[in-house]
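Asker: Handing you a structure now.
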Amino acid sequence: MKNKLILAVVAVLFATGVQAQNGMKIGYADVDYILSQLPEAKQVEADLQSHSTQLQTQIQSKYQEYQAKLASYQQGAANMVDAVRNEKEQELTDLGNRLKQFEQDAQASLQKKQNELMQPLFTKVGDSITTVAEEGGYDFVLSSGVGGVDIVLFAKEENDISDKVLAKLGVTPAGN
């Protein structure tokens with residue numbers, strides 16, 4: 001998937017290479033950098049950490065319950081009649097399965113919460129990139145990275161519109 005995306009970007013750049021010499025303006029932005037500078041992103045991170053901590057506490061509580069029942073079973077298993085031992089083993093199996101399911105549900109819940117909280121930021125940044133690109137007369141704006149893979153292999157610093165996008169969002173970049 002990443003290779004196809006990179007190939008598509010390279011093909012577009014190659015195909016427009018001749019036109020770029022005739023005044024085409026291409027910029028790039030580092031969305032991760034822009035997001036890291038937004039005060040709202042810090043609040044999103046804190047909210048996600050709080051949600052994660054709540055889920056971890058619930059998981060830990062369920063795990064301790066499982067461990068206590070397992071220890072109780074192991075301690076008395078030798079003295080149990082077969083029917084009771086089988087019932088306790090089934091109860092432990094069911095509890096273990098519920099614990100695994102809860103862990104999976106918790107992970108899905110955390111991912112959903114992250115998507116809910118980040119989507120408005122992505123929209124806000126995307127809208128600002130569009131505004132800066134239109135105001136700056138850019139024909140294309142590329143991302144300097146997607147999923148840890150750089151899409152822009154070389155670019156002059158003057159074509160980086162990341163700080164302009166932050167300015168449009170009313171944020172002064174750290175270190176500037």
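Asker: Working only within segment 123-141, note down all residues that are acidic (Asp, Glu) and either within 25 Å of the chain's Cα centre (by Cα) or at positive phi (or both). Give the steps one after another, and end with the answer.
Answerer: As a first pass, look at segment 123-141 and keep what is acidic (Asp, Glu): 127, 134-135, 139.
Answer for segment 123-141, where residues must be acidic (Asp, Glu) and either within 25 Å of the chain's Cα centre (by Cα) or at positive phi (or both): just 127.
Asker: For segment 137-156, what are the residues that are modelled with pLDDT of 65 or more and part of a loop (DSSP other than H, G, I, E, B)? Steps first, please.
Answerer: Residues of segment 137-156 that are modelled with pLDDT of 65 or more, as a first pass: 137-145, 148-149, 151-152, 156.
The answer is 137, 138, 139, 144, 145, 148, 151, 152, 156.
Asker: Okay, moving on. So which residues in segment 59-68 are closer than 18 Å to residue 101 by Cα and not hydroxyl-bearing (Ser, Thr, Tyr), if there are any at all?
Answerer: Within segment 59-68, the first condition is being closer than 18 Å to residue 101 by Cα, and the residues that meet it are 59-67.
Within segment 59-68, 59, 60, 62, 64, 65, 67 qualify.
Asker: Can you confirm whether residue 90 is polar (S, T, N, Q), under 20 Å from the mean Cα position of the chain (by Cα) and at pLDDT 90 or above?
Answerer: Details: polar (S, T, N, Q): yes; under 20 Å from the mean Cα position of the chain (by Cα): no; at pLDDT 90 or above: yes.
No; evaluated as a whole, the condition is false for this residue.
Asker: Here's another thing I want to ask about it. Show me the helices (runs of 4 or more DSSP H) found entirely inside segment 1-82 where at least 1 residues are of a type in the set (Val, Ile, Thr), modelled with pLDDT under 95 and surrounded by fewer than 14 Cβ atoms within 10 Å (Cβ to Cβ). Before you say what the answer is, go through the steps one by one.
Answerer: Numbers: elements: 2-15, 17-20, 31-37, 39-76.
Output list reads 2-15, 17-20.
The values are calculated or read from the model by the stated rules, or taken from the named source; none is laboratory data. Treat the numbers as computed from the prediction; the structure is a model and nothing was measured. As a convention, Cβ positions derive from the backbone with ideal geometry for all residues, glycine included, and neighbour counts pool all protein chains shown.
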